[in-house]
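The values are calculated or read from the model by the stated rules, or taken from the named source; none is laboratory data. Owing to the predicted nature of the structure, the values given are computational and were not obtained by experimental measurement. Here Cβ is always computed from backbone atoms with ideal geometry, including for glycine, and neighbour counts include all displayed protein chains. Only protein heavy atoms, including side chains, enter the accessible area calculation; ligands, DNA and RNA are left aside. Shrake-Rupley method; radii C 1.70, N 1.55, O 1.52, S 1.80 Å.
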Amino acid sequence: MTKISDYDMFDYDYRTYWENREYENMAEKILLERVFDKTQGVWFLDIGGSYGRLTSTYYNRFSNPIILDYSLKTLQKNKEILKSKYKNISLIAANAYNLPFAPNSVDGGLMVRVLHHIEKPATYFKEIARVMKYNSPYIQEFPNMIHIKASIRELLKFNFSFFKQDSYKQPTRNNFEGVKEGVEGIFLNYHPKFLNKELKKHNFKITERIGCSFLRLQFLKKFLNVDSMLFLEVLAQKVLSWTNISPSIFLKTSSQNHKDKKEISYETLEDMLVCPKCKEKLTFPNPTTAVCSKCSTSYIKDQDIWDFRVK
Ligand SMILES: C[S@@+](CC[C@H](N)C(=O)[O-])C[C@H]1O[C@@H](n2cnc3c(N)ncnc32)[C@H](O)[C@@H]1O
Ligand SMILES: [Zn+2]
């Protein structure tokens with residue numbers, strides 16, 4: 001069984017993480033606005049989308065956006081705000097490893113600040129590749145294990161093998177995001193070469209690479225205000241994205257799966273839902289229950305949120 005970073009276990013409120021992180025928050029939103037640019041489509045998946053921090057960047061570009069997250073409590077807690085701000089948004093509690101969507105059904109997708117909780121990236125990429133349509137844009141953010149601070153730290157330890165390896169595991173200490181102090185969570189950083197290889201293996205063509213949060217240095221925040229930091233950030237995103245110095249990297253990709261397959265236009269969310277376990281069709285005995293036609297598992301919709309969480 002694949003381990004999941006379950007934010008509900010300790011009632012972790014992810015919103016609190018963003019207090020006093022205006023620079024990092026805006027750096028990502030500016031980047032996404034630019035990357036999405038004129039992109040348009042129908043079904044959009046924000047995987048591990050939490051309370052919709054990034055929804056403003058894709059909402060007006062895709063007619064049917066979906067926030068999918070394993071934390072049912074986060075979705076329930078933020079439902080009212082999200083639905084009043086974003087009328088067309090759908091909320092689904094599900095596991096990124098077991099998506100409840102038909103193959104070749106999604107027009108666009110994004111995963112930001114979630115891959116560090118995904119200990120089997122190949123399994124996840126296989127699953128996201130299954131649902132994305134041919135040529136659809138998919139943006140994958142990842143924490144870069146060889147960013148400048150980590151590289152200097154390892155150089156000072158004469159740990160030269162750090163730079164050669166292209167494996168992806170790097171446990172982080174003192175990070176309690178999603179868990180409580182003293183409990184070991186799933187935190188992984190990735191080598192850019194590893195990510196490139198994995199995405200290509202799963203038929204995602206990388207069309208753009210942008211570094212992010214170049215100025216994530218505590219001392220800079222003491223000297224510069226947010227506007228000045230963002231001015232420099234935008235500049236750095238433009239001229240330094242070819243380097244590996246930033247702590248976070250966004251890859252814009254285009255899914256090359258399902259070429260030559262017939263595209264189906266799904267009108268409603270229920271039309272495109274499948275059993276997340278066996279991917280078979282669902283029947284709907286009533287509007288708030290879905291039953292798998294193969295394994296007979298039932299799934300419930302409560303407070304307008306489908307619960308498709310499986311491990
Ligand atoms: C650090 S937060 C990032 C939230 C959002 N993407 C953002 O950038 O603001 C990580 C989110 O990923 C979700 N998550 C972790 N593992 C997951 C999984 N296997 N499937 C779905 N969601 C998952 C958590 O519940 C949490 O909401
Ligand atoms: Zn089933």
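Has the range 286-301 got at least one residue that is part of a strand (DSSP E or B), among the β-branched types (Val, Ile, Thr) and free of Cβ contacts under 8 Å to residues at least 12 places away in the same chain? Within the range 286-301, one or more residues are part of a strand (DSSP E or B), among the β-branched types (Val, Ile, Thr) and free of Cβ contacts under 8 Å to residues at least 12 places away in the same chain.
Restricting the range 264-275 to residues that are assigned to a loop (DSSP other than H, G, I, E, B) and touching a Ser or Thr at 6+ places or on another chain (Cβ under 9 Å), which is farthest from Arg113 (Cα to Cα)? Steps first, answer last, please.
As a first pass, look at the range 264-275 and keep what is assigned to a loop (DSSP other than H, G, I, E, B): 264-268, 275.
Among the residues that remain, those that are also touching a Ser or Thr at 6+ places or on another chain (Cβ under 9 Å) are: 264, 266, 275.
Numbers: Ile264: 31, Tyr266: 29, Cys275: 26 Å.
Going through the qualifying residues, I end up with Ile264.
So which residues in the range 255-295 are open to solvent by 80 Å² or more (accessible area, probe 1.4 Å), within 14 Å of ligand 2 (Cβ to nearest atom) and farther than 29 Å from Lys200 by Cα, if there are any at all?
In the first step, residues of the range 255-295 are kept if they are open to solvent by 80 Å² or more (accessible area, probe 1.4 Å); the result is 259-265, 267, 271, 277, 281, 285, 287, 294.
Filter once more, keeping what is within 14 Å of ligand 2 (Cβ to nearest atom): 277, 281, 294.
Lys281, Lys294, listed by residue number.
Tell me, which residue of the range 126-153 that is closer than 15 Å to Lys193 by Cβ and in contact with a His (Cβ under 7 Å, 6 or more places away or on another chain) is farthest from ligand 1 (Cβ to nearest atom)? Among those that are closer than 15 Å to Lys193 by Cβ and in contact with a His (Cβ under 7 Å, 6 or more places away or on another chain), it is Ile146. Could we say that Asn244 is in a loop (DSSP other than H, G, I, E, B), open to solvent by less than 40 Å² (accessible area, probe 1.4 Å) and at pLDDT 90 or above here? Here the answer is no, as Asn244 does not meet what is asked.
Condition check ((1) out of contact with any Lys or Arg (no Cβ under 9 Å at 6 or more places or on another chain); (2) modelled with pLDDT of 95 or more; (3) away from ligand 1 (no atom under 16 Å from the Cβ)) across all residues:
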{"residue": "Thr172", "(1), (2), (3)": "yes, no, no"}
{"residue": "Thr207", "(1), (2), (3)": "no, yes, yes"}
{"residue": "Ser248", "(1), (2), (3)": "no, yes, no"}
{"residue": "Glu263", "(1), (2), (3)": "no, no, yes"}
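Of all residues in the range 296-308, how many are under 23 Å from Ile67 (Cβ atoms) and within 14 Å of ligand 2 (Cβ to nearest atom)? Number of matching residues: 4.
Can we say Phe250 is in a strand (DSSP E or B), touching a strand residue (DSSP E or B) at 6+ places or on another chain (Cβ under 9 Å) and open to solvent by less than 30 Å² (accessible area, probe 1.4 Å)? Steps first, please.
Working: in a strand (DSSP E or B): yes; touching a strand residue (DSSP E or B) at 6+ places or on another chain (Cβ under 9 Å): yes; open to solvent by less than 30 Å² (accessible area, probe 1.4 Å): yes.
So Phe250 fits the description; yes.
Annotation note: of Thr2, Thr39, the sole residue that is within 9 Å of ligand 1 (Cβ to nearest atom) and either free of Cβ contacts under 8 Å to residues at least 60 places away in the same chain or of a type in the set (S, T, N, Q) (or both) is Thr2. Contact annotation: residue pairs with Cβ atoms under 8 Å, 6 or more positions apart or on different chains, pairing a residue in the range 264-277 that is farther than 19 Å from Asp304 by Cβ and in contact (Cβ under 8 Å) with a residue 12 or more places away in the chain with a partner that is in a loop (DSSP other than H, G, I, E, B) and within 16 Å of ligand 1 (Cβ to nearest atom), are Val274/Pro100; Cys275/Pro100; Lys277/Val310.
Take the conditions closer than 16 Å to Arg15 by Cβ, open to solvent by 10 Å² or more (accessible area, probe 1.4 Å) and within 13 Å of ligand 1 (Cβ to nearest atom) and apply them to Asp46. Does it pass? Write out each step before concluding.
Numbers: closer than 16 Å to Arg15 by Cβ: yes; open to solvent by 10 Å² or more (accessible area, probe 1.4 Å): no; within 13 Å of ligand 1 (Cβ to nearest atom): yes.
So Asp46 does not fit the description; no.
Here is the figure for the range 36-79: residues that are closer than 22 Å to Ile300 by Cβ, of a type in the set (Lys, Arg) and touching a helix residue (DSSP H, G or I) at 6+ places or on another chain (Cβ under 8 Å) total 1.
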